[in-house]
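Asks: Handing you this structure, nothing more for now.
The values are calculated or read from the model by the stated rules, or taken from the named source; none is laboratory data. Treat the numbers as computed from the prediction; the structure is a model and nothing was measured. Cβ: placed from backbone, ideal geometry, glycine included. Neighbour counts: every protein chain shown. In case anyone asks, the SASA skips ligands and DNA or RNA and just uses the protein heavy atoms, side chains included. Shrake-Rupley method; radii C 1.70, N 1.55, O 1.52, S 1.80 Å.
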Amino acid sequence: MFQKLQLQLTLLCTFITGIILFALTGVCLLFAARNIHQANFTSFLNEANTTISHLQEQETISHQWLTQLQNGKSKMKIFLYDNGNPLFYQQLHASEQDEALCKAMIKEAQKNHRLDLTAPSVNKLTTHEEFEFLSSEQQKYYVSAGTIPKKSGFLNFLLIFPLSGQQTQMFRLITVVLTSDAVGTFLLFFFFRRLIQKLLLPVSESQKKQALFISSASHELRSPLAVFCSGLEALTKTNDSKQQKHFQKIMFSECTRMEKLIDNMLVLANADSQSLPVHIDKCQPDGILLNVYEKYETLCRNKHMRLALSLPEDITNDCYCDIERIEQVLSILIDNAISYTPDGGKISLSLKTTEHHCIFSVADTGPGIPDSQKEMIFERFYRADSAHTSKDHFGLGLCIAREIIRKHKGSLRAEDAPGGGSLFIVKIPTCKNCP
């Protein structure tokens, strides 16, 4: 499910980003093409004006100058007509293709720019027009056509500036840019794939935990429901009052157990939805610990365990917390300690206060917790000892305790007790708005 969603989101993000990338590239290419066109046209105008000025000043046009001009960097071609007749140089060096191109440009100048390079000129001033021309082979040119008056008549000229270099430059630019965009889009695919994988990881983990929670909750609820159903069936088959009371007692016990499990699940559900009710108020931490001690002292004695209490000698500072919730946390920790501590063992309660924190500790002399499980025990329905089958524990207590402490902006962790066994440390801020 998540792999398919990851692929879909990756493709969507890559597609949208690719469209934006190519659109921006297209805009940049338009500006680049305009600048290249403008630069080439300016260069053409400068060279054309220079050539026209030379033609105006010289009465005799040398073959050497014409050769240097046409073999120059710009590859500009020049066609000259002395009183309507082409120069002998032009007849020697112009190819049939050049002649055809020249005729087509003369027609273009006559048709669209009112320049007849084949007829005698009546103007006494130099006239010329510059325009773009597209040949039949789809090759673009800049053209300057005009007439220069001379003593012996007139000189018509046609200056042709090929744009093949500009087209090659644009083609290379477009190729480089589009290739870069394609490579960039390809890299973006892997980037988004990795990013979305990390973003979906918490969702995937949450979904797995939710599925495990539902599975474990169903397993825990199945047992009391099965006992309840079998008890009801037994009640319908017997008229013996003693047996009826026996089955009623069992059913009541299982109902109580199921009620406790559902209450625990509701607490976790409220914690998940950030709606766990916590009423913060000013209280005395030593009073909280004394209440819990008095509640469990008799129970521990009946189970042949010793419950020890250690309080600071100095007067403890008040702290801000939910008294019932903190007592619930300590009760969970003591219940676990009683379950895992053998007869004759010891459970120790202690309290320390600092300027900013209040620290409760619950230690036992049980088997302890392996380092690899010190964080796992706070997961839902997890039991450190899989062989421990007490019906009073569902594997939710420590998870609930940590959620309550988190709500108090504190911490709960498990360590090894100094004399062996487990040590749970509850640390909560003493001031109301402490982080």
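Asks: So which residues in the range 14-56 are among the aromatic types (F, W, Y) and without any contact (Cβ under 8 Å) to a residue 12 or more places away in the chain?
Replies: Those that are among the aromatic types (F, W, Y) and without any contact (Cβ under 8 Å) to a residue 12 or more places away in the chain: F15, F31.
Asks: Could you identify the single residue in L158, L163, L117 that is under 17 Å from I36 (Cβ atoms), touching a strand residue (DSSP E or B) at 6+ places or on another chain (Cβ under 6 Å) and open to solvent by less than 30 Å² (accessible area, probe 1.4 Å)?
Replies: L163 is the lone residue from the list that is under 17 Å from I36 (Cβ atoms), touching a strand residue (DSSP E or B) at 6+ places or on another chain (Cβ under 6 Å) and open to solvent by less than 30 Å² (accessible area, probe 1.4 Å).
Asks: Out of all the residues in the range 120-147, which are modelled with pLDDT of 85 or more and either among the aromatic types (F, W, Y) or farther than 25 Å from H37 by Cβ (or both)?
Replies: Passing the criteria: F131, F133, Y141, Y142, T147.
Asks: Step by step: first the residues of the range 31-89, then only those that are part of a strand (DSSP E or B) and open to solvent by less than 50 Å² (accessible area, probe 1.4 Å), then the one that is farthest from L117 (Cα to Cα). Which residue is that? Step through it out loud before you land on a result.
Replies: Taking the range 31-89 as the starting set, the residues that turn out to be part of a strand (DSSP E or B) are 77-82, 85-86.
Next, only the ones that are open to solvent by less than 50 Å² (accessible area, probe 1.4 Å) stay: 78-81.
On the way: I78: 13, F79: 11, L80: 10, Y81: 8 Å.
Restricting to residues being part of a strand (DSSP E or B) and open to solvent by less than 50 Å² (accessible area, probe 1.4 Å), the top hit is I78.
Asks: Ok, one more. Any residue that is assigned to a helix (DSSP H, G or I), surrounded by fewer than 19 Cβ atoms within 10 Å (Cβ to Cβ) and at pLDDT below 90 - is there at least one of those in the range 340-363? Show your work before the answer.
Replies: To start, the set of residues in the range 340-363 that are assigned to a helix (DSSP H, G or I) comprises 340.
So of that shortlist, the ones also surrounded by fewer than 19 Cβ atoms within 10 Å (Cβ to Cβ) come out as none.
For the range 340-363, residues assigned to a helix (DSSP H, G or I), surrounded by fewer than 19 Cβ atoms within 10 Å (Cβ to Cβ) and at pLDDT below 90: absent.
Asks: Residue check, D335 against (1) in a strand (DSSP E or B); (2) more than 41 Å from the chain's Cα centre (by Cα); (3) of a type outside the set (G, A, S), all met but one. Which one?
Replies: (1)
Asks: Working carefully through the options F2, F79, F41, find the one that is within 22 Å of the chain's Cα centre (by Cα) and among the hydrophobic types (A, V, I, L, M, F, W, C).
Replies: Working: F79 fails: within 22 Å of the chain's Cα centre (by Cα); F41 fails: within 22 Å of the chain's Cα centre (by Cα).
None of the others qualify; the one that does is F2.
Asks: Quick one: in the range 280-307, which of the residues that are surrounded by fewer than 17 Cβ atoms within 10 Å (Cβ to Cβ), in contact with a strand residue (DSSP E or B) (Cβ under 9 Å, 6 or more places away or on another chain) and part of a loop (DSSP other than H, G, I, E, B) is modelled with the lowest pLDDT?
Replies: The extreme case among them is I280.
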